[in-house]
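So the structure is just underneath, and the comments pick up after that.
The values are calculated or read from the model by the stated rules, or taken from the named source; none is laboratory data. What you are looking at is a predicted structure, and each value in this text was computed from that prediction instead of being measured. Counting neighbours? That spans all protein chains shown, and the Cβs are built from the backbone with ideal geometry, glycine included. Surface areas here come from the heavy atoms of the whole protein model, side chains and all, with no ligands, DNA or RNA. Shrake-Rupley method; radii C 1.70, N 1.55, O 1.52, S 1.80 Å.
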Amino acid sequence: MIELTDYSDAGWSGVDVAARSRFYCEQLERGEILFIDGARFGLPESDRAALMKLAPDSLRQKNISYAPSTGQVAGLRGAATDRNLTDALARYSAAAVRFCAGLLAPYSATWRVELASFRPVEEHDRPLSITERNDLLHIDAFPGRPTNGARILRFFTNIHPDEKRVWLTSDPIPKLAARGEFAAMMLNCVRAADSPASRALGQLMHGAARIGVALPDRSSYDRAMLRLHDNMKRDAEFQADCPKHRHEFAPGASWLVFTDTIPHAVLAGQFALEQSFFVARDSLLAPDASPLAVIERLAGRVMTKQDRTSVGLRGALERQ
Ligand SMILES: [Fe+2]
């Protein structure tokens, strides 16, 4: 983990901005977590209070999501959404996008600002199905939001007044793939993504997407990454034997990480906010370090669709 030392809400302080911005982008792409002290990125106390008032049993989904493009909140039962909650999510999303755009300038002209989310439930011992569990190491891939090789960058903030958020991470995908067992798991995912049934389903969804039906149009890469998300969680040997690093994020802290390359698990903590971005392939500074590069090396072929943008189509389903 590296710590942000020369940038805050107020901007950069006394550095070669272009060089520092590129430095942080490259470190993130290569699998570092960028830690941001609470003094560098803040949230109004009234917004924090509005979010913490929400009763955890008002959730209809695993998390609450906020779509910056429409202003819509999803994941709550019936009438649970109130104006204060929506406004607090909107302000967090806008502030996170502004903060990250200033910090990571090489990405912001072409990235896609994705959903923000709020996680109000205590993560320790949370009862979820195996592929939904947050306490098992996994990389992120979203069933309803394929990226076609664009990378998943996420900005998190722990808004709990006094509880740490505890994460476990493993090594980034390129390092894990140097181990025989993990490379074999990835290759199995590539083969499953390329199976006749999987390809036929992919073609059907691609056709539907082209005529405007809202189905996620997944590339081979997206299908392989979804498999990898599930298989990592289901593989007890991987969970037990892989290298592990523990991180404790203090109340008020934020952190940035490419969650498509860093296996991560949340062991404990309540009340976190998050803003996602899809970073376009063309703007990467270290494309050789991307999960796409590793998967294509293993597969020996191109795994993305070539007839559309690198970001993909928006869908409705979530897996985080
Ligand atoms: Fe995740």
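Classify region 2-299: rounded, prolate or oblate, from the alpha-carbon gyration tensor (a ≥ b ≥ c, eigenvalue square roots; a/c under 1.5 rounded; otherwise prolate if a/b is larger than b/c)?
rounded
When only the heavy atoms of the protein chains count and the probe is 1.4 Å, how do 164, 53, 233 rank by accessible area, highest first?
Result, largest first: 53, 164, 233.
So what does residue 247 come to for accessible area, using a 1.4 Å probe and Å² rounded to 10?
Its heavy atoms expose roughly 20 Å² to the probe.
Can you list the lysines whose alpha carbon sits under 17 Å from that of residue 175, skipping same-chain ones fewer than 8 residues off?
Residue 175 reaches 244.
Students sometimes get this wrong: rank 225, 1 by accessible area, probe 1.4 Å, all chains present, largest first.
Result of the area sort, largest leading: 1, 225.
Using alpha-carbon pairs under 8 Å, 6+ residues apart, how would you state the relative contact order of region 2-299 in percent?
About 32 percent, as a whole number.
With all protein chains present, how much of the accessible area of region 2-299 (probe radius 1.4 Å) comes from carbon and sulfur, to the nearest whole percent?
52 percent
In deg cm²/dmol and to the nearest 500, what is the mean residue ellipticity at 222 nm of the chain if only DSSP H runs of at least 4 residues count, each as -39500 (n - 2.57), divided by the residue total?
About -10500 deg cm²/dmol.
What does the net charge come to around residue 84 if you take all other residues with beta carbon closer than 9 Å to its beta carbon, with K and R at +1 and D and E at -1?
-1
Taking the solvent-accessible surface of protein heavy atoms with a 1.4 Å probe, what is the per residue accessible area of region 2-299 in Å²?
40 Å²
Tell me which residues come under 5 Å, amide H to amide H, from residue 76 once H is placed; ignore anything under 5 positions away on its chain.
60
Short version: ³J(HN,Hα) in whole Hz for each residue of region 92-101, in order, from phi by Karplus 6.51 cos²θ - 1.76 cosθ + 1.60 (θ = phi - 60°), x for Gly and Pro, what are they?
Result, rounded to whole Hz: 4, 4, 4, 5, 5, 5, 4, 4, 5, 5.
Lysines near residue 62 by alpha-carbon distance under 23 Å, same-chain residues fewer than 8 away left out - which ones?
Counting by Cα, and skipping residues close in sequence, residue 62 has these lysines nearby: 53, 164, 233.
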